[in-house]
Amino acid sequence: MTDEKKVDGPAEAVEQPAVEQSPENVPAPTGEVRKIGERHGMFGVTGTGDTSGYGGLVAPVVYPAATERPYGGWFDIVADGLDPLIESVVIHRGEITFHIAPDNLVAAAKLLRDDPSLRFELCAGVSGVHYPGDTGRELHAVYSFLSMTYNRRIRVEVSVPDADPHLPSLCGVYPAVDWHEREAFDMFGLVFDGHPALTRILMPDDWPGHPQRKDYPLGGIPVEYKGGTIPPPDQRRSYS
Amino acid sequence: MGLEEKLPSGVLLTTVEGVAGYFRKASFWPATFGLACCAIEMMTSGGPKYDLARFGMEVFRASPRQADLMIVAGRVSQKMAPVLRQIYDQMAEPKWVLAMGVCASSGGMFNNYAIVQGVDHVVPVDMYLPGCPPRPEMLIDAILKLHDKVKATPLGPNRLAQIRELEAEGLAALPTSDMKGLLR
Amino acid sequence: MVSTSSTSHEDVYAGSSETRDARADRVFTVSGQDWDEIASGLKDENDGDGGDAYERIVVNMGPQHPSTHGVLRLILELEGETVTEARCGIGYLHTGIEKNMEYRSWVQGTTFCTRMDYLSPFFNEMTYALGVERLLGIEDGPDGVPEKAQVMRVLLMELNRISSHLVCIATGGMEIGALTVMTIGFRERELVLDLFELITGLRMNHAFIRPGGVAQDLPVGALEEIRGFVALMKKRLPEYAALCNANPIFKARLEGVGHLDLEGCLALGLTGPVLRSTGYPWDLRKTSPYSGYETYDFDVQTWDTSDSYGRFRVRLNEMWESLKIIEQAADRLARMEGEPVMIADKKIAWPSQLAIGSDGMGNSLDHIRTIMGESMEALIHHFKLVTEGFRVPPGQAYVPVESPRGELGAHVVSDGGTRPFRAHFRDPSFNNLQAMGVMSEGSMIADVIVAIASIDPVMGGVDR
């Protein structure tokens, strides 16, 4: 889908040196990777009497690193259009992800929708992801945008800390995310400021906690059968 | 023996219980309680190929007040459980519940925060039907087995005695968690 | 059981803050009873002016209503029989499938996600499998998913599209009182399910499309059955057209109802037949083809009325297109006998070799004999892959597919483990249901039902 069509974008995207941005916004150069978690041992559950020695293994969890320009194809056109608002860009397996700070989200969404060189008409939704190991930016909201005009699909990722899970709502720009944001709130506790009615959508109204966060247990019960008891999947000895 | 010999031909003697049971099972109206995948198979059972009409059951009543049987077809979520109970309470006695599919019977593969681990936590269940989802033939089989049960249900004091007996049996029964032996 | 509570008792469902003016802080919760009695009762309380009977009337429809397409709860504000405001209450079928998937291996994930949108199981599996395959980097190429698996996926998905559209038309017909449409819809669906059973062994919830390919090869005689099915459907599909297309009652119920134009569709993120009924030929099978859809000859069906009738016609026409694709796929499969249906990489491919035994489908005895008797390494490998599963490199992927209801995509996140770190499904039913209010406000209650049926939400997909 490398759409090479040249479009009239903003004539010159304002070149902004990285130093002008706040330090944490400096994109990691290619090659430098950020560890956002650790994997301990061979099995997901501890305390099972594993004496093999593999229980002591510690492996970092490393996600694809930020990419530097040129991104190639239409990726550059979109990146030009969004340039001052981007925190970093990750290209992995042919999909482009723009990391954007929460404060810039609405501006970026407006640009994505209205800029004639971008024209992302459709926001496919929000998916919350909880990375407990990504200190200071534990909760991620992942948006998928689709431009039908140019047949392009991008992903926008916004990260907020667990302690202050606030990010602006995109409801005003893309009404389609209304229920998606409510679902992300329900499941992860992400608070979308400015949403007209941010209430639980899938769980009952009085439900305590946000079930799909990593620190929320699966909530299964042990299964008993004729003297045998099998713990729920999250408490079993298992690989991870 | 007296009475039988004095009867004209063509008259059959039976008990009130027998007649009531026979009529109850012969016009059994299920309430539509379709929840998930099983609901589609339940609708298929009412469709042309499997044809529940053969057993006088094609009339799925939308109103619980007109129904005798609640087929809980699918997974019952924590949010749905109070609704399910309300529907059950609105049904007129006598009423029966059929837990269709493994999710309604025991929670099945969804052993998690959202699903009630067996609809018998909420309403009394008369027949459990395994399968994910059960085939329409299996549903029909379960319904026919329930028919037999309904037909044999006693009335009045006999019914009360039966309930007491079942209750005593249940209280004396060994809980599953205390059962020992092979897992079979 | 009839409760007509007024000011004197506090109503738990409506706090006093909800109504503000002096005499209107009364809420009537009614379930059952004759309307005249209720209205006359109100009159008495209000010194005969009937006042509150003309106030807001909010009716809860569902979650257990036969016409709401599953456990959907509609909250309708009515004025007479006109709906002035409409909202949905969902979540009554929330199953926590996404959370459950995080505790199972990548392959087992298909078993869970197939139960989301239970009318289009293959599409759920497909988008999940595509996401995992993209993260693994085995989407295409000589080392990727084999050609035969791709063709079989297309074949199964198109069969599934037919069965799903049939249920949509059938239940939609039932909800507006056209019971014949329902019975013939389910009659034809049985034909498709018989094919599914022949190919996958199950009528529903197949877990057949796995990361790396499909679970097993086509059984003997499947292609003849499929050809027979296509021939039969070509005779049966015109029945729907004859029954509905020009039927004045059917048209009167559907035409102009649930209107949503292109701008509305894009703003609310609607895709699928609803979007195509506005005349915009957006179909992911054409715009971002997967599984080799670019090599099949078919057309994107559109209609230009933006209403429920248009959506019905789009679905009807799409079934014809699906038949075309099925024929082409069957022709290709006929030339591919004996080719592999699972990726060659033994680190990913599910190791079992299934066969029909005396007690049903299971591991073939030959395979068990080999791994148990001849090759210790094969046994270890089998054990590791089945219990532990394969690892997927860290990253995230979103590969949407065109499901019968629109864009269905799985946002799959891996942390390099043997289990999904997060799998979120962007289900078209969930998204499209948001348009219910826009489509039905200002219309009659009966039209709300038609509008919802034309969106064709499947609550298993909405609530997941």
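The values are calculated or read from the model by the stated rules, or taken from the named source; none is laboratory data. What you see is a predicted model; the values in this text were computed from it and never measured. Here the Cβ positions follow ideal geometry from the backbone for every residue, glycine too, while neighbour counts run over all protein chains shown.
General observations
- Region C:190-226: number of residues that are within 12 Å of chain B (Cβ to nearest Cβ) and hydrophobic (A, V, I, L, M, F, W, C): 6
- When C:246, C:267, C:241 are checked against the criterion of being surrounded by fewer than 18 Cβ atoms within 10 Å (Cβ to Cβ) and free of Cβ contacts under 8 Å to residues at least 12 places away in the same chain, a single residue qualifies: C:246.
- Region C:76-121: number of residues that are of a type outside the set (Val, Ile, Thr), under 17 Å from the mean Cα position of the chain (by Cα) and closer than 24 Å to residue C:347 by Cα: 2
- Some residue of region A:183-202 being more than 27 Å from residue A:103 (Cα to Cα) and within 11 Å of chain C (Cβ to nearest Cβ): yes
- All of C:100, C:60 fail the test of being exposed (fewer than 15 other Cβ atoms within 10 Å of the Cβ), within 14 Å of another protein chain (Cβ to nearest Cβ) and either at pLDDT below 90 or under 30 Å from residue C:431 (Cα atoms) (or both), apart from C:60.
- Residue check for residue C:389: on the phi > 0 side of the Ramachandran plot, at the interface with chain A (Cβ under 9 Å from one of its Cβ atoms), modelled with pLDDT of 85 or more and surrounded by 15 or more Cβ atoms within 10 Å (Cβ to Cβ): yes
- Flag for residue A:157 being over 24 Å from residue C:264 (Cβ atoms), in contact with a strand residue (DSSP E or B) (Cβ under 6 Å, 6 or more places away or on another chain), within 14 Å of chain C (Cβ to nearest Cβ) and touching a residue at least 24 places away in the same chain (Cβ under 8 Å): yes
- Conditions (1) hydroxyl-bearing (Ser, Thr, Tyr); (2) over 14 Å from the mean Cα position of the chain (by Cα); (3) farther than 19 Å from residue C:101 by Cβ: number failed by residue B:77: (3)
- Restricting region A:117-136 to residues that are within 7 Å of another protein chain (Cβ to nearest Cβ) and part of a strand (DSSP E or B), the residue that is surrounded by the most Cβ atoms within 10 Å (Cβ to Cβ): A:127
- Test: residue B:57 is within 12 Å of chain C (Cβ to nearest Cβ) and either in a loop (DSSP other than H, G, I, E, B) or touching a strand residue (DSSP E or B) at 6+ places or on another chain (Cβ under 8 Å) (or both): no
- Hits in region B:103-114 (condition: surrounded by fewer than 21 Cβ atoms within 10 Å (Cβ to Cβ) and on the phi > 0 side of the Ramachandran plot): B:108
- Check on residue B:100, surrounded by fewer than 21 Cβ atoms within 10 Å (Cβ to Cβ), under 16 Å from the mean Cα position of the chain (by Cα) and either at pLDDT below 85 or not polar (S, T, N, Q) (or both): no
- Qualifying residue in region B:128-135 (condition: under 20 Å from the mean Cα position of the chain (by Cα), surrounded by fewer than 19 Cβ atoms within 10 Å (Cβ to Cβ), basic (Lys, Arg) and in a loop (DSSP other than H, G, I, E, B)): yes
- Residues located in region A:210-233, provided they are at positive phi and without any contact (Cβ under 8 Å) to a residue 12 or more places away in the chain: A:226, A:227
- Per-region count, region C:119-148, residues farther than 23 Å from residue C:411 by Cβ and either in a helix (DSSP H, G or I) or not assigned by TED's automatic domain parsing to the domain that holds residue C:222 (or both): 2
- Residue in region C:208-220 that is more than 30 Å from residue C:414 (Cα to Cα) and small (Gly, Ala, Ser) present: no
- Any hit, region A:162-174, residues being crowded, with 19+ Cβ neighbours inside 10 Å and aromatic (Phe, Trp, Tyr): yes
- Residues in region C:303-354 that are touching a His at 6+ places or on another chain (Cβ under 8 Å) and among the hydrophobic types (A, V, I, L, M, F, W, C): C:316, C:319.
- Within region C:428-464, restricting attention to residues that are within 14 Å of chain B (Cβ to nearest Cβ) and assigned to a loop (DSSP other than H, G, I, E, B), the residue that is farthest from residue C:411 (Cα to Cα) is C:456.
- Of everything in region A:137-152 that is in contact (Cβ under 8 Å) with a residue 40 or more places away in the chain, more than 7 Å from every other protein chain (Cβ to nearest Cβ) and within 22 Å of residue A:79 (Cβ to Cβ), the residue that is surrounded by the most Cβ atoms within 10 Å (Cβ to Cβ) is A:141.
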